[in-house]
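Scroll down for the structure; my scribbles are underneath it.
The values are calculated or read from the model by the stated rules, or taken from the named source; none is laboratory data. What you are looking at is a predicted structure, and each value in this text was computed from that prediction instead of being measured. Cβ placement follows ideal geometry from the backbone for every residue including glycine, while neighbour counts extend to all protein chains displayed. Only protein heavy atoms, including side chains, enter the accessible area calculation; ligands, DNA and RNA are left aside. Shrake-Rupley method; radii C 1.70, N 1.55, O 1.52, S 1.80 Å.
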Amino acid sequence: MDNNLLVRLEDLVNNPTARVPVCLCLDTSSSMSGMPIEELNEGVRLFYDAIREDETALYSAEVSIVTFGGNAQCIVDFASLEVQPNAPTLFANGMTPMGEAVNMGLDLLEQRKEEYKDRGVDYYQPWLVLMTDGAPNGDSAELSRAINRTVELVNQKKLTVFPIGIGPKADMGVLAQFSPKRPPLKLQGLKFREFFAWLSKSVSKTSQSTPGESVKLDVEGIKGWGEL
């Protein structure tokens with residue numbers, strides 16, 4: 001068993017707080033080079049900072065980051081920010097295997113949910129944030145499987161999904177297929193910081209509720225960074 005997994009499992013024993021699992025599935029393909037990837041990195045850093053500064057969220061939020069640039073990669077596996085406090089640095093390169101990345105994120109989530117159950121730790125409905133500036137060009141069967149799995153989880157109220165398009169070339173049609181309950185959103189310009197500030201507030205609000213109860217999202221706040 002690798003050391004990181006051991007630490008993440010021990011954390012569930014030492015800190016039995018109900019968890020809010022958040023999977024960030026981020027496009028880091030070469031079209032994100034330059035300003036977009038810099039702004040994305042800054043946004044993720046601010047997200048980590050905001051969670052760390054909120055005592056409830058610090059112990060309950062668990063962040064996982066899966067990137068898709070060249071190949072799907074788990075950069076950070078689910079753990080509280082007490083265990084892994086620093087945001088990773090993301091680099092842009094390669095193609096856009098979106099389906100592979102979403103499947104990897106959902107697999108990590110299933111695995112983590114099993115770990116919660118095994119150790120008697122309660123958890124809130126997980127979040128999947130999917131951000132892309134283009135169209136998927138990985139394996140089409142993987143993409144179909146990712147869409148079907150996501151839609152099924154959302155319809156069973158086992159997942160909240162946030163598909164977000166970046167820039168003029170984001171394939172909003174594909175993003176819409178991942179989200180049966182609400183239309184995908186388009187990021188205004190490069191407002192990653194505003195988005196991640198909104199996300200950290202939403203995660204904090206969720207962490208202060210009771211697992212199982214539905215938390216009303218700040219829809220008004222979306223207007224500060226997104227457009228339908």
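Each Cα pair under 8 Å and six or more residues apart adds its sequence gap; the mean of these over the residue count of the chain is a relative contact order of 24 percent. When the C-alpha to C-alpha distance is required to be over 30 Å, the pairs from LYS117/LYS186; LYS113/LYS223; LYS117/LYS191; LYS113/LYS205; LYS157/LYS223; LYS117/LYS181 that qualify are LYS117/LYS186; LYS113/LYS223; LYS117/LYS191. Quick one: Cα centre-to-centre distance for the range 24-40 and the range 170-195, in angstrom? When both Cα centres are located, 15 Å separates them. Helical content of the chain, expressed as a calculated mean residue ellipticity at 222 nm, amounts to -14000 deg cm²/dmol (DSSP H runs of 4 or more residues, -39,500 (n - 2.57) each, divided by residue number, nearest 500). Based on protein heavy atoms only, the chain ends up with 44 Å² per residue of surface accessible to a 1.4 Å probe. What separates the Cα centres of the range 86-146 and the range 202-228 is a distance of 20 Å.
Pop out the carbon and sulfur fraction of the accessible area of the chain as a percent, whole number, probe 1.4 Å. With neighbouring chains kept in place, the figure for the chain is 51 percent. Here the contact order of the range 92-189, divided by its residue count and restricted to Cα pairs under 8 Å and six or more residues apart, works out to 30 percent.
Axis angle, to the nearest 10 degrees, between helix 140-155 and the longest C-alpha principal axis of the chain: 50 degrees. For TYR116, the shell of other residues with beta-carbons less than 12 Å away shows a net charge of -1, using +1 for Lys and Arg and -1 for Asp and Glu.
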